[in-house]
Every structure is written in structure tokens, then in C-alpha cells.
Amino acid sequence: MGLFLLWFIFGVGILIQVVYLLLIFGRTSFSKPTKAHSDPQKEEGVTVLIAAHNEFQNLKTLIPKLFEQDYPKYDVMIVNDRSTDRTKRLLEEMMAIYPRLRSVTIKYTPNHVTAKKFAMTLGIKVCKNDVVLLTDADCIPNSDQWIRKMTAPVRQNDKTFSLGYSGYEKSSGFLNSWIQFETLLTALYYISFSLWKAPFMGIGRNLCYRKSFFMEVKAFKGLWHIEGGDDDLFVNQYATGKNTAVVLDPDANTTSKPKTTFKEYLVQKKRHLHAGKYYRGEDKQKIGFFSLSHALFWLGGLGLLIYFGIDQSWEQFLIVFGIILLRSVIVVSVFASASKKIQGTKAAKNVWMLDFLYLGYFWVLGTISHQAKDIQWK
């Protein structure tokens, strides 16, 4: 009975993993992306929106980069959210240099709302243009075509949401390798399901939508009490297969600065994962089925290896080991192809090992994040 249960667990894990890795993630990894073509007749105005709290150093680098964009009609709105550093002085100096830079300052946040959502709402209300392109203060566009390509689905194809990718700077060390792996896996989730016409999230570091739609639906209605989720929960509520497009182009990406300590990283991820518990039920299942099958595969596989090893049934041992090895090859292939297509770079090293470690990461940190009550933006 014990052996049958192990085979059953292992088998179910294999079947679901094959569906995800080859059919769902494969939509991103192995299909040819359709790159946006610019239409000069639809180059309407765009506002780049950034909410910043004590981001003096990052803004000092970012602002000049934003005004290198090759797009004729855009401005930049920075919401200075209760900053106590030199952000206000910097913005005043930069606005004298860049006429299309604008800012609004928030001195306090009302008690009934969360800081980031209040800052984003105020910023969107004062945006000059209807097309709004969001990013963060610590992000840098990958090319001078970022605005043009990220906003194209909204401007040219009448989409409500345009979902982009934002990676992290690469450096040495295990933490950075893990960040690269986990970020790419997250992208495989939301990009692949969007390509299957079933979008469920986006990321605020690279996201575009219309101000008029945001105001019409009162975007954060019912979400004010949730710290975080100003990006993925908004998309989760209103994105559909018809109104959402993915921009799969390295030139349309942004790159962020990664956390350099495990403590900082865990605080960040706890906030990100916490918002996930407010997703719609069917969208929780999109992540849940992969994570559950991932656990079933490894627990069943390792259980069988131990069983056959003790029993010295080496033929069965090699069969199970071969299946595990084959899946690892598929995982490495999927991630390598996805990284090349999404980022234009190689995937993180030791993907097979990082994939195994994900077994503990998702279930431990996910449980902690789901129950957390001390989530904060900044």
C-alpha cells in the first residue's frame, strides 16, 4: 500500500508538471513572440508614473535615463510620498532641467488607506495623459524604446492592460541566483497564462493602462486596507483574455536593483506573496496546482528512491532516477529558452538545484506571508 501511494503521488506530480512545463510555460519558452510595430498615427501622449519614498539616490540616476526615451509625446510624474531625505530638493532641481518632469508631494497618508495605493491614486489623478506607464524608482528602462513598446498595445490595439517584465541586476552569490530564478518563474506564470488568454497578475515595475479606466472602475475599491497589491490585485480584478496583452521584448523591459541580504529579500517577498491570498479562487489555483504538483513530484520521487534503495531494487531505482533527471533537463531547457526570450540573457546557473529548493521556499514563505499582519510598503 505504501509503495502504491508513493507511485500515485509521483505519477500525479509528473502529469501536472508536464502540463505546466511543456504546454503552459512552453507557450512563453518555445513560441515566437509577436513584437509590437509602432504606428506613427497613434503616438498619443504617455505619462510615466513613479511613487517614491526616500528614493533620492535612485531618482538621481533614473530621471536622466527616462528623458533619453525615443518617444515624441510623454512626461514624467513622480509622487514624492512623505520623503524625509533630499528627494524634494532633487525634484525641484531636476524640474528646472527637464520641463516634462512634474511632481506632487504627499505629506501624510489617511488612516483608512495604505501608503502605496494612496500615492498611486493621487499620482494617477494628476497625470496629464490618459496612457499611464508605471515603474519604480529603482528601475531602469532597458532601452530608449521602452515607452514606445510597452504602451503600444494600449495605444494601438485598444487593450486595457499591457504587461511587461522587470528583471534584476545580475551579480555573484547564491542570493542573486535565487532572485534571478524566482523572478523568471514568476514571469513564466503571469506571461504564460496571459498568452493563453487567462491573465491573472502584473507587476508595477513595468505596467501600462489607461487613467480613464482606472478612474472609471475606482481601481482600489475594496483593496485600500491591503498593503501591496496596487499592481497585481488591480490586474487580477479586471484583466481578461480580450483586454490584456503581454509585451515580450527585452527592449521593453526594466531592470531593478536586487536585495543584497536575505533579510531584505524575505521582507520584500513576504509583501508580494501576501497579496496573493486576495486573488480570485481560480487564479490561486494557477499557482497552487504547479506548486502542489512540484511538491508531489519531489516527495514521491525521493520516497521511491529511498524505498528502492533500501530494497536494493536497482532497476526500479534507475527508472525513478531517470524520470527525475528527464524532468530536470526539461526544467533547465524551459528556463533557458524563457530567459533568452524574455530577458535576452542566459538563465540563472544551477536551475535544477534552485528548482529543488523551491520546494521549501514556496510552502514555508508562502504560509508565513499568508498569515502575516505586519506587511508594510516603506
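The values are calculated or read from the model by the stated rules, or taken from the named source; none is laboratory data. Source: prediction; values computed, not measured. Glycine gets a Cβ as well: all are built from the backbone with ideal geometry, and neighbour counts include every protein chain shown.
Does residue 356 satisfy the criteria of being touching a Leu at 6+ places or on another chain (Cβ under 8 Å), at pLDDT 90 or above and not hydroxyl-bearing (Ser, Thr, Tyr)?
Details: touching a Leu at 6+ places or on another chain (Cβ under 8 Å): no; at pLDDT 90 or above: yes; not hydroxyl-bearing (Ser, Thr, Tyr): yes.
No.
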For region 253-268, name all the residues that are in a helix (DSSP H, G or I) and within 15 Å of the chain's Cα centre (by Cα). 265, 268
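Please indicate, with yes or no, whether at least one residue in region 189-197 is outside any helix (DSSP H, G or I) and crowded, with 22+ Cβ neighbours inside 10 Å.
no
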Regarding residue 69, is this residue modelled with pLDDT of 95 or more and either farther than 30 Å from residue 247 by Cα or in contact with a Phe, Trp or Tyr (Cβ under 7 Å, 6 or more places away or on another chain) (or both)? yes
With the condition being farther than 26 Å from residue 220 by Cα, I'd like the strands (runs of 3 or more DSSP E) fully within region 44-143 carrying at least 3 qualifying residues. none
Testing residue 218 on (1) assigned to a helix (DSSP H, G or I); (2) on the phi > 0 side of the Ramachandran plot; (3) not small (Gly, Ala, Ser), one condition comes back false. Which one is that? (1)
Please go through region 326-354 and pick out each residue that is more than 16 Å from residue 24 (Cβ to Cβ) and buried (at least 17 other Cβ atoms within 10 Å of the Cβ). 339, 343, 347, 348, 351, 354
Are any residues in region 232-252 among the charged types (D, E, K, R), surrounded by fewer than 23 Cβ atoms within 10 Å (Cβ to Cβ) and in a loop (DSSP other than H, G, I, E, B), and if so, which ones? 242
Please work out if residue 50 is touching a residue at least 40 places away in the same chain (Cβ under 8 Å), over 25 Å from residue 133 (Cα atoms) and surrounded by 13 or more Cβ atoms within 10 Å (Cβ to Cβ). no
So which pairs qualify, if the first residue must be in region 343-362 and within 29 Å of residue 247 (Cβ to Cβ), the second must be among the aromatic types (Phe, Trp, Tyr), the Cβ gap must be under 7 Å, and the two must be at least 6 apart or on different chains? 347/335; 348/181; 351/181; 351/335; 354/178; 354/181
In region 235-255, anything out of contact with any Lys or Arg (no Cβ under 8 Å at 6 or more places or on another chain) and closer than 19 Å to residue 268 by Cα is listed as 255
